[in-house]
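A.B. asks: First, the structure itself, so that you have it in front of you.
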Amino acid sequence: MSVEGVRQWRTDRARAGKRVALVPTMGNLHAGHEALIAAARGQADTVLVSVFVNPTQFAPGEDYAGYPRTFENDLATAGSAGADAVFAPTPEVMYPFGSGNATQVDVPALSGMLCGASRPGHFRGVAGVVLRLFNLVNPDAAFFGEKDYQQLLVIRRMVRELFVPVEILGVQTVREADGLAMSSRNRYLTAAQRSQAPALYQTLERAAEALGDGAAVAEVERAGVSELEKAGFRPEYFEVRDAQTLAAPTANHDRIILAAARLGRTRLIDNVRIAG
Ligand code: PAF
């Protein structure tokens, strides 16, 4: 679909009084994306999936070039999961003046910490492309996975601050049978790394249990880093935060433990919520 095609598609849906949901993706659709599409289907009359590997959210040296592109499979998966249409623009369509000098959207309150600390500019790229998609599609609702929890909060904040009329809905992380969160990047793991990878979620679960039993935040964070190192990871962060603001946690508030760690060249992220 072209930009004109998307706009026409949206206008037709508006005329028919349809509630439109958008599921933004970078393709390589897996069961996690299928859950987003199914959730969207349950909340809207019609679902558009976007497939776009967004260059502006990759730092130099990251996996933009090698990011898995599986468009034919994605079309079939999106359709069987319940999508009505797929929008797969080229970089030239999304960034008509080039991606290097594109207008940017910054959400400074949430973008410099955690994943943003090790991936400078990443959330600026995410916010920029998601706002472009919102402006093109004008969806009533948009669906994002809770695995990328910081991203979800960045988008919620952007929408609120910029008065974008869209409802943002988070969808629970889908896991493999052994607990590993579904991610397109899991396919980078070697067989040996794949068998180590569930330790990330297991470590988060143990940390959540320890916090529930009254362990101190600093101790839980220290133990998390040390357990990940023992399991063969190179941890980037393992932190307990307030689940609404990502600030340092305060007692009796919803908390979340977030972690990012590398196994070889693969960077994995995951999180576990703890109800306050
Ligand atoms: O989560 C993703 O797949 C991407 O960051 C998103 C939201 C599609 C923006 O490119």
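A.B. asks: Helix 199-212: angle to the longest alpha-carbon principal axis of the chain, degrees 0 to 90, nearest 10?
C.D. replies: The helix 199-212 is inclined about 70 degrees to the chain.
A.B. asks: Let me ask something else about it. For the range 148-276, rounded, prolate or oblate, judged on the Cα gyration tensor with a ≥ b ≥ c (square roots of eigenvalues), a/c < 1.5 rounded, else prolate if a/b > b/c?
C.D. replies: Since a/c reaches 1.5 but b/c is at least a/b, the shape of the range 148-276 is classed as oblate.
A.B. asks: Going toward the positive end of the dipole of the chain, with +1 on Lys and Arg Cβ and -1 on Asp and Glu Cβ, which of M94, A208, G17 do you reach last?
C.D. replies: M94
A.B. asks: For every helix of n ≥ 4 consecutive DSSP H residues, a contribution of -39,500 (n - 2.57) applies; sum these over the chain, divide by its total residues, and give [θ] at 222 nm rounded to the nearest 500 deg cm²/dmol.
C.D. replies: Helix contribution divided over all residues of the chain: -12000 deg cm²/dmol.
A.B. asks: What fraction of the DSSP beta bridges in the chain is antiparallel, stated in percent and rounded to the nearest 5?
C.D. replies: Antiparallel: roughly 55 percent of the beta bridges in the chain.
A.B. asks: Any idea what angle helix 122-137 forms with the longest principal axis of the chain, computed on alpha-carbon atoms, 0 to 90 degrees, nearest 10?
C.D. replies: 30
A.B. asks: Taking springs between alpha-carbon atoms closer than 10 angstrom, which of L200, L110, L136 fluctuates most in the Gaussian network model of the chain?
C.D. replies: Fluctuation is largest for L136.
A.B. asks: Still on this model: Normalized C-alpha radius of gyration of the range 1-102, against 2.2 N^0.38 Å?
C.D. replies: That works out to 1.14 for the range 1-102.
A.B. asks: Further, regarding this structure: For the range 43-83, what is Rg from Cα atoms divided by 2.2 N^0.38 Å, rounded to two decimals?
C.D. replies: Against the compact-globule rule of thumb, the ratio is 1.49.
A.B. asks: Would you rank M94, M113 by solvent-accessible area, highest first, keeping every protein chain in place and using a 1.4 Å probe?
C.D. replies: M113, M94
A.B. asks: Give me, ordered by chain and number, the residues 5 or more places off F87 or on other chains with an amide H under 5 Å from its own placed amide H.
C.D. replies: V49, S50, V51
A.B. asks: In debye to the nearest 20, how big a dipole does the chain give about its Cα centre with +1 on each Lys and Arg Cβ and -1 on each Asp and Glu Cβ?
C.D. replies: 400
A.B. asks: Please pull out the direction-averaged projected area of the chain, using the convex hull of its alpha-carbon atoms, in nm² to one decimal place.
C.D. replies: Approximately 14.6 nm², given one-decimal rounding.
The values are calculated or read from the model by the stated rules, or taken from the named source; none is laboratory data. Owing to the predicted nature of the structure, the values given are computational and were not obtained by experimental measurement. No Cβ is skipped: glycine too gets one built from the backbone with ideal geometry, and neighbour counts run over all protein chains shown. Side chains included, ligands, DNA and RNA excluded: accessible areas come from the protein's heavy atoms. Shrake-Rupley method; radii C 1.70, N 1.55, O 1.52, S 1.80 Å.
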